[in-house]
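Have a look at the structure below before the remarks.
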Amino acid sequence: MSRLLLLSNGHGEDLSGALLGRELLARGMLVEALPLVGHGHPYRQAGITVLGRTREFSTGGLGYTSLAGRLTELREGQYIDVVRRLLTLRGRRDHLIVAVGDLLPVLAAWLSRRPTVVYLVAYSSHYEGRLRLPWPCGWLLRRRGVLRIWSRDQLTATDLSAQLQRPVSFLGNPFLDLVAEAGEPIPSVAAQTLAVLPGSRLPEALRNLERILRLLAELPAALQQPDSLALQAGLVGDLDATTISRIAAPLGWRLEQGQGAADGNASLVLVRAPQRLQLHWGRFAAVLAGSDLVLSMTGTAAEQAVGLGKPVLQLEGQGPQFTPGFAEAQRRLLGPGLTCAIAPEGGDATLQATAALATRLLARLADPAQGHRWRGELATIGTERIGRPGGSARMADAIMEVLEAQPPNRDAALPR
């Protein structure tokens with residue numbers, strides 16, 4: 001039995017790694033994971049052993065997006081923690097390392113001196129037209145120990161194949177499989193449904209939700225009627241009902257038990273008459289599947305929505321993840337599948353502009369001719385930017401081919 005180690009560095013990367021690991025487990029492989037940033041909860045949920053003691057940091061591994069974030073990570077000891085985790089690789093004899101993310105897992109794989117395959121989910125040529133890999137990522141990817149490289153979109157695969165002078169393939173993105181398996185969407189009697197996604201990292205997600213509640217109050221009266229627009233929030237478990245009630249109350253929202261349901265948190269509703277925002281924990285895929293428009297302050301979740309052909313309305317936040325800089329980069333990554341309204345004066349003006357844009361987008365979707373044509377365009381954008389579902393299985397099949405092609409002395413360490 002072959003033993004594989006998954007290396008990843010971030011929440012979205014852990015999710016993709018876990019979905020890929022699940023496919024490898026189903027093929028009889030022995031799979032373990034070493035998340036280099038955070039606790040790696042997706043791995044545990046997939047039944048994959050997580051190595052070593054894990055720790056969460058306030059930046060969520062995204063401190064590189066600003067000087068303040070880098071200083072925060074330095075103060076909290078994240079760099080020391082990453083070095084400690086890298087030491088876990090000493091003496092291991094995994095048959096294959098699967099690096100998921102960016103430079104950090106690629107560097108860790110090189111230090112392990114084990115055969116490696118790389119899924120560069122964190123980089124895309126859509127950001128600037130030509131991908132500028134950070135040093136020494138390009139040099140590492142050219143090493144003979146890297147047996148295969150997969151990108152997150154076809155444009156990047158074509159670009160990197162030319163830059164690295166070796167094949168780089170696009171097989172799809174495993175994170176799309178999670179929402180493609182959603183099944184039945186959450187039922188609604190309203191004419192349209194708006195999905196609300198405040199993010200997954202605390203305390204940022206809580207601040208995002210507060211900002212979203214302020215935005216919802218800016219919608220025109222017609223869209224505040226529950227039979228006109230259903231509001232569905234996809235939340236992570238750390239955003240508990242008590243905390244939500246505390247931040248929502250000063251804004252005029254109160255927490256109520258939903259009608260006709262008895263499943264605890266899943267039936268809770270925030271009410272600011274006549275608006276009703278239904279709260280859902282653990283049903284993100286179903287929330288996304290039933291949506292007409294997605295209001296997002298997220299990273300991976302926005303990409304999943306675009307992959308499903310859903311129009312995404314972006315609302316900028318204060319970070320540490322969803323900063324204006326991150327949001328602008330996301331717009332370049334996802335292209336016309338994502339829209340954003342920014343008022344020069346910021347503050348309430350941005351919320352009002354976003355509410356006005358939401359109104360126009362919903363009207364476009366409701367128009368029989370425009371809506372049908374736009375949904376077709378969005379489906380094409382999703383395929384181009386994210387790919388088709390099934391990326392986990394295709395990537396796992398490719399890994400099996402790599403393992404079958406390895407020489408008999410594959411337990412020997414590779415030269416650095």
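The values are calculated or read from the model by the stated rules, or taken from the named source; none is laboratory data. Only a predicted model underlies this, so the values are computations on that prediction, with no experimental measurement involved. No Cβ is skipped: glycine too gets one built from the backbone with ideal geometry, and neighbour counts run over all protein chains shown.
Among residues of the range 217-237 that are buried (at least 16 other Cβ atoms within 10 Å of the Cβ), those with a Cβ under 8 angstrom from a residue that is among the aromatic types (Phe, Trp, Tyr), sequence gap 6+ or separate chain, pair up as GLY234/PHE284; LEU235/TRP281; VAL236/TRP281. For the range 386-399, the condition holds for at least one residue, the condition being that it is in a helix (DSSP H, G or I) and free of Cβ contacts under 8 Å to residues at least 60 places away in the same chain. Considering only residues in the range 97-117 that are in contact with a helix residue (DSSP H, G or I) (Cβ under 6 Å, 6 or more places away or on another chain) and surrounded by 24 or more Cβ atoms within 10 Å (Cβ to Cβ), the one that is nearest to VAL31 (Cα to Cα) turns out to be ILE97. Restricting attention to the range 327-350, does a residue exist that is touching a Gly at 6+ places or on another chain (Cβ under 9 Å), part of a loop (DSSP other than H, G, I, E, B) and under 30 Å from GLY10 (Cβ atoms)? Checking the range 327-350: not a single residue is touching a Gly at 6+ places or on another chain (Cβ under 9 Å), part of a loop (DSSP other than H, G, I, E, B) and under 30 Å from GLY10 (Cβ atoms).
The selection criterion, being at pLDDT 95 or above, outside the structural domain of PHE326 (by TED's automatic domain parsing) and either under 18 Å from the mean Cα position of the chain (by Cα) or outside any helix (DSSP H, G or I) (or both), does not hold for SER161. Looking across the range 136-158, the residues that are under 23 Å from the mean Cα position of the chain (by Cα), assigned to a helix (DSSP H, G or I) and crowded, with 17+ Cβ neighbours inside 10 Å come down to CYS137, LEU155, THR156, ALA157. Can ARG130 be described as over 28 Å from ALA329 (Cβ atoms) and out of contact with any strand residue (DSSP E or B) (no Cβ under 9 Å at 6 or more places or on another chain)? Considered against the rule, which asks whether it is over 28 Å from ALA329 (Cβ atoms) and out of contact with any strand residue (DSSP E or B) (no Cβ under 9 Å at 6 or more places or on another chain), ARG130 comes out as no. Applying the criterion of being under 20 Å from MET1 (Cα atoms) and free of Cβ contacts under 8 Å to residues at least 24 places away in the same chain to the residues of the range 27-53, the residue that is nearest to the chain's Cα centre (by Cα) is VAL50. Considering the conditions (1) modelled with pLDDT under 95; (2) among the hydrophobic types (A, V, I, L, M, F, W, C); (3) surrounded by 22 or more Cβ atoms within 10 Å (Cβ to Cβ), ALA305 is excluded by exactly one of them, (1).
Filtering the range 272-309 to residues that are touching a helix residue (DSSP H, G or I) at 6+ places or on another chain (Cβ under 8 Å), β-branched (Val, Ile, Thr) and within 24 Å of PRO226 (Cβ to Cβ) leaves only VAL294. Taking (1) among the basic types (Lys, Arg); (2) in contact with an Asp or Glu (Cβ under 9 Å, 6 or more places away or on another chain); (3) at pLDDT below 95 in turn, ARG113 satisfies each apart from (2).
The residues listed here are GLY382, GLY391, GLY335, GLY376; of these, the one that is modelled with pLDDT of 90 or more and on the phi > 0 side of the Ramachandran plot is GLY335.
So, of the residues in the range 41-55 that are assigned to a strand (DSSP E or B) and of a type outside the set (A, V, I, L, M), which turns out to be modelled with the highest pLDDT? Reasoning before the result, please.
Our first condition is that a residue be assigned to a strand (DSSP E or B); within the range 41-55, this holds for 49-50, 55.
Subset that is of a type outside the set (A, V, I, L, M): 49, 55.
Details: THR49: 94, ARG55: 54.
For the range 41-55, the residue satisfying everything is THR49.
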